[in-house]
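The values are calculated or read from the model by the stated rules, or taken from the named source; none is laboratory data. These numbers come from a predicted model, not from an experiment. Ideal geometry is used to build each Cβ from the backbone, glycine not excepted, and the neighbour counts take in all protein chains shown.
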């Protein structure tokens, strides 16, 4: 079973069904940015966008 399939299997916790998901972001230094703070900001921004896109 693939990791994605495993993550989408509901699990029961305290009588509630929970469904998990995951996203991975990759940023390359210095190609994507030359300042570590800006690189991290760019990475987090792209991850947030990926989550929003996956919801539709």
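Of the residues making up the range 37-56, those that are surrounded by fewer than 11 Cβ atoms within 10 Å (Cβ to Cβ) and without any contact (Cβ under 8 Å) to a residue 12 or more places away in the chain are 37, 52, 53, 55, 56.
In the range 19-42, which residues are under 17 Å from the mean Cα position of the chain (by Cα) and either in a helix (DSSP H, G or I) or at pLDDT 85 or above (or both)? Those that are under 17 Å from the mean Cα position of the chain (by Cα) and either in a helix (DSSP H, G or I) or at pLDDT 85 or above (or both): 19, 39, 40, 41, 42. Filtered by the rule that a residue be without any contact (Cβ under 8 Å) to a residue 24 or more places away in the chain and surrounded by 12 or more Cβ atoms within 10 Å (Cβ to Cβ), the range 9-28 gives a lone residue, 27.
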